[in-house]
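Throughout, read-outs are computed from the coordinates displayed, never taken from laboratory work. Nothing here was measured: the structure is a model prediction, and the numbers come from that model. Heads up, the Cβs are rebuilt from the backbone with ideal geometry, glycines too, and the neighbour counts pull from every protein chain shown.
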Amino acid sequence: MAKKTPARQSCPTNFEKIEPIFNQEFGTNDPIFPEWTLERMPKKINVKRIKLDKNQMFEGWLYGSYNTKGKFRCLKCIKSGIVDNDATWSSAYTTVLCATYYEPDADDYGQDWIGGWIEIKIFAQQCKNCDEYVTAELDDQRCRNFVKWLHRWIAHKFYGYPFSRFGYRGKTIDRHHLANRCEACHAGWCYYRGNKNQ
Ligand SMILES: [Zn+2]
Ligand SMILES: [Zn+2]
């Protein structure tokens with residue numbers, strides 16, 4: 001399959017990978033929650049300004065963040081022939097932000113139903129070479145791990161199932177993190193800054 005070039009500040013490749021895993025996990029794995037929908041977080045949301053209350057909520061939305069390891073490739077540098085070492089890097093502090101909303105709604109025909117929405121955003125990091133912001137790419141296994149976490153988190157938060165915290169915590173040797181080039185650090189969601197918002 002031909003690889004798509006990720007658009008700036010968005011992650012179609014990640015989302016296209018995650019969405020079918022999400023549908024499978026939420027639709028067939030016990031406990032099933034087929035009424036939940038996964039979407040990309042709209043770019044207009046200023047996640048930096050969001051101030052969560054004690055229930056981790058903001059304007060009726062419940063927020064959670066997940067730490068994973070991502071790979072970054074600066075296409076701008078790669079295209080201009082910069083050697084790979086400078087244009088690609090991986091980070092043990094790669095943050096996925098989830099905003100969730102659950103409520104009764106009515107469809108176009110006035111039919112009432114209950115629906116849940118999950119909007120996700122994967123934070124970018126800035127290229128050391130050209131300062132371009134690059135969105136992380138998650139490999140297949142990390143996409144699956146994220147969806148498993150999401151499933152358990154939703155089960156816990158909205159249906160009262162027990163939850164054991166898990167997720168990639170970052171190894172001690174990976175403590176090296178360029179916080180000033182990390183969008184999640186700027187916005188206050190990065191685990192590097194001790195965010196434990198799971
Ligand atoms: Zn670059
Ligand atoms: Zn960070």
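Let a ≥ b ≥ c be the square roots of the eigenvalues of the Cα gyration tensor of the stretch 64-124; is it rounded (a/c under 1.5), or, if not, prolate (a/b larger than b/c) or oblate? It is oblate, given that a/c is not under 1.5 and a/b is not larger than b/c. The phi torsions of the stretch 42-50, fed into the Karplus equation with coefficients 6.51, -1.76 and 1.60 and a -60° offset, translate into couplings of x, 5, 6, 6, 8, 5, 5, 8, 6 Hz, rounded to whole numbers, with Gly and Pro shown as x.
Each peptide in 41-54, 18-31, 120-133 gets a packing score, the mean of other Cβ atoms within 10 Å over its residues, and the list from highest to lowest is 120-133, 18-31, 41-54.
Amide H contacts of Ala136 (H built 1.01 Å from N, in plane; Pro and chain starts excluded): Gln125 sit under 5 Å, all sequence-distant by 5 or more or on other chains. Averaging over all projection directions, the Cα-based convex hull of the stretch 12-193 occupies 12.1 nm² in the image plane.
Of the peptides 95-102, 157-164, the ranking by mean beta-carbon count within 10 Å, highest at the top, reads 95-102, 157-164.
In a simple Cβ point-charge model (Lys, Arg +1; Asp, Glu -1; nothing else charged), the stretch 19-80 has a dipole of about 860 debye relative to its Cα centre.
Note on the stretch 30-128: dipole from Cβ charges, positive end direction compared against Gln126, Tyr102, Ile45; the farthest Cα belongs to Gln126. Phi-derived couplings, Karplus 6.51 cos²θ - 1.76 cosθ + 1.60 at θ = phi - 60°, listed residue by residue for the stretch 133-144: 7, 10, 7, 5, 10, 9, 6, 4, 5, 6, 4, 5 Hz, with x used for Gly and Pro.
Among 109-117, 32-40, 144-152, sorting by the average number of other beta carbon atoms lying within 10 angstrom of each residue, highest first, gives 144-152, 32-40, 109-117.
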